[in-house]
Amino acid sequence: MQKILILNGPNLNLLGTREPAQYGHTSLADVEAFCRAHGERLGYEVECLQSNWEGALIDKIHEYGRLYRAGEALGVVFNPGAYTHTSIALHDAIKGVDPLPVIECHISNVHARETFRHHSWVSPAAAGIVVGFGVDGYLIAMDGLVRKCTNSAARQAP
Ligand code: CA2
């Protein structure tokens, strides 16, 4: 069974504990559980990782680049947190494992927030972007990844 990685960056371990107006009440453990369940429905094994360390996120992207080349991974759903707006290293990591498909996902609509959140270093390297759907965005991103990257007969025509 191919794998999908749900990768979360800095501070997303705090989901559900603070700033509910921005990020909702759902915890990261709940997000990971419903992504795993959705992966099962779609026919994929879901692995989840959250890290506050840029290098750990880069190492995981490299690992999935290798799994993708071996045919063992479909791709990655990635919420890079605030590293979105600062990290050329994450941009280079994703470019460095091309063609591993990485869907960038943000819980909030970053374009309706402070101007420093409007720029993403990750977006030019991403296969797709989902913003502003709350934690449902992770599921929307998984669906988008599957639709983009498979010719599954099971999927519905638009
Ligand atoms: O909207 C998103 O998903 C963000 O990636 C979340 C990041 C933010 O820096 C990005 O601009 C947009 C922040 C994640 C921090 O999450 C928290 C959750 C609850 C309480 C405190 C922080």
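Per DSSP H run of at least 4 residues, take -39500 (n - 2.57); add these up for the chain, divide by its residues and hand me the 222 nm value, nearest 500 deg cm²/dmol.
My calculation for the chain gives -11500 deg cm²/dmol from helical runs alone.
Count neighbours as other Cβ atoms within 10 Å of each site's Cβ, and list the chymotrypsin sites (Phe, Trp or Tyr not before Pro) in the range 1-96 that are DSSP loop with at most 13 such neighbours.
Those that pass, being in a loop and sparsely packed, are 53.
Please work out the average accessible area per residue across the range 88-158, using the 1.4 Å probe convention, and give it in Å².
52 Å²
Name the GluC sites (Glu not before Pro) in the range 57-129 that are in a loop by DSSP and that have at most 11 other C-beta atoms within 10 Å, would you? Write down the numbers at each step before the final one.
Values: sites: 63, 72, 104, 114; in loops: 72, 114.
Answer by residue number: 114.
Would you work out what percent of the accessible area of the chain, with all protein chains in place, is carbon or sulfur (probe 1.4 Å)?
Of all accessible area on the chain, carbon and sulfur atoms account for 52 percent.
If each residue of separation counts as 0.36 nm, what is the full-extension length gain between residue 19 and residue 116 once their alpha-carbon separation is subtracted? Before the final figure, lay out each step's value.
Details: separation 97, 0.36 × 97 = 34.92 nm, distance 1.84 nm.
Net length gain for the segment: 33.1 nm.
Full extension from residue 33 to residue 1: what is 0.36 nm times the residue separation minus their Cα-Cα distance, to one decimal in nm?
9.7 nm
Computed over the Cα atoms of the range 3-156, what is the ratio Rg over Rh, Rh following Kirkwood?
Working: Rg = 14.4 Å, Rh = 15.4 Å.
So for the range 3-156, dividing Rg by the Kirkwood Rh gives 0.94.
Among the trypsin sites (Lys or Arg not before Pro) in the range 13-56, which ones are in a DSSP loop with at most 11 other Cβ atoms within 10 Å of the Cβ? Mind listing them?
Of the trypsin sites (Lys or Arg not before Pro), the ones in loops of the range 13-56 whose Cβ has at most 11 other Cβ atoms within 10 Å are 18.
What distance in nm lies between label points placed 7 Å from Cα along the C-beta direction at residue 92 and residue 56?
Between residue 92 and residue 56, the simple spin-label model gives 2.2 nm.
The values are calculated or read from the model by the stated rules, or taken from the named source; none is laboratory data. None of these values were measured; they are calculated from a predicted model. So basically every Cβ, Gly included, is an ideal-geometry build from the backbone, and we count neighbours across all protein chains shown. Quick note on the areas: whole protein, heavy atoms, side chains included, nothing else; ligands and nucleic acids left out. Shrake-Rupley method; radii C 1.70, N 1.55, O 1.52, S 1.80 Å.
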